[in-house]
């Protein structure tokens with residue numbers, strides 16, 4: 001394991017954060033981040049949910065959940081949790097990204113229609129069903145299911161599969177549906 005200051009609290013303007021070991025993988029060189037906000041933002045959650053792509057939110061639960069480039073992000077009124085960061089610099093980059101998103105929503109709040117409920121409507125299986133199912137490996141994944149899971153985690157665009165034709169109207173419509181739900185755009 002490298003010399004990552006696990007458990008140390010790092011203070012920044014508007015928040016503090018700390019890296020914690022992934023509980024089920026104590027020897028991992030990846031960590032989770034707990035970002036504690038100086039100012040609670042419970043009232044901002046419906047506005048954040050309105051602008052964050054592919055999030056899940058139900059008013060009154062106090063949490064927004066989403067996948068962001070393979071990281072599971074939980075946004076609460078007083079903190080944000082982010083999974084699978086590689087170290088202090090990566091953690092700080094993710095914290096800054098979400099601090100900037102919060103500040104942007106605060107500035108634009110009057111022009112955003114808040115939501116009471118939002119859910120991702122696509123599943124890994126739905127993505128998989130649109131793939132050729134050949135398990136050719138040309139995308140770099142061993143199976144089409146593995147590729148679909150990476151698309152679902154927003155790590156790669158659906159069109160990174162060399163076997164799908166973005167010109168096909170059915171595929172193009174599906175790619176537009178993915179993009180509308182916050183999945184990466186075409187490759």
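All of the numbers you see were taken from the coordinates with simple rules; none came from a lab. No experiment lies behind these values; they were computed from the predicted model shown.
Taking only DSSP H segments of four or more residues, each worth -39500 (n - 2.57), what value at 222 nm results for the chain once the sum is divided by all its residues, to the nearest 500 deg cm²/dmol?
Values: 5 runs with 55 residues, N = 187.
After summing the helix terms and dividing by the residues of the chain, the value is -9000 deg cm²/dmol.
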Cα-based helix-to-principal-axis angle, 88-108 vs the chain, degrees rounded to 10: 90
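Give me the number: length gained by fully extending residue 103 to residue 116, i.e. 0.36 nm times residue separation minus the C-alpha to C-alpha distance, one decimal in nm. Please report the intermediate quantities before stating the final value.
Details: separation 13, 0.36 × 13 = 4.68 nm, distance 2.06 nm.
So the extension gain works out to 2.6 nm.
Shape call for segment 80-149 from the C-alpha gyration tensor, a ≥ b ≥ c root eigenvalues: rounded (a/c under 1.5), prolate (a/b greater than b/c) or oblate?
Numbers: a/c = 3.63, a/b = 1.61, b/c = 2.26.
In terms of gyration-tensor shape, oblate.
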Cα shape, segment 10-118, gyration tensor, a/c 1.5 rule: prolate
Calculated log₁₀ intensity ratio I(q)/I(0) where the Debye formula runs over C-alpha points of the chain, q = 0.09, 0.11, 0.18 Å⁻¹: -0.39, -0.58, -1.18
Radius of gyration, Dmax [segment 138-187; alpha carbons; angstrom]: 10.2, 28
Nearest 10 degrees, 0 to 90: helix 169-180 Cα axis against the chain principal axis: 0
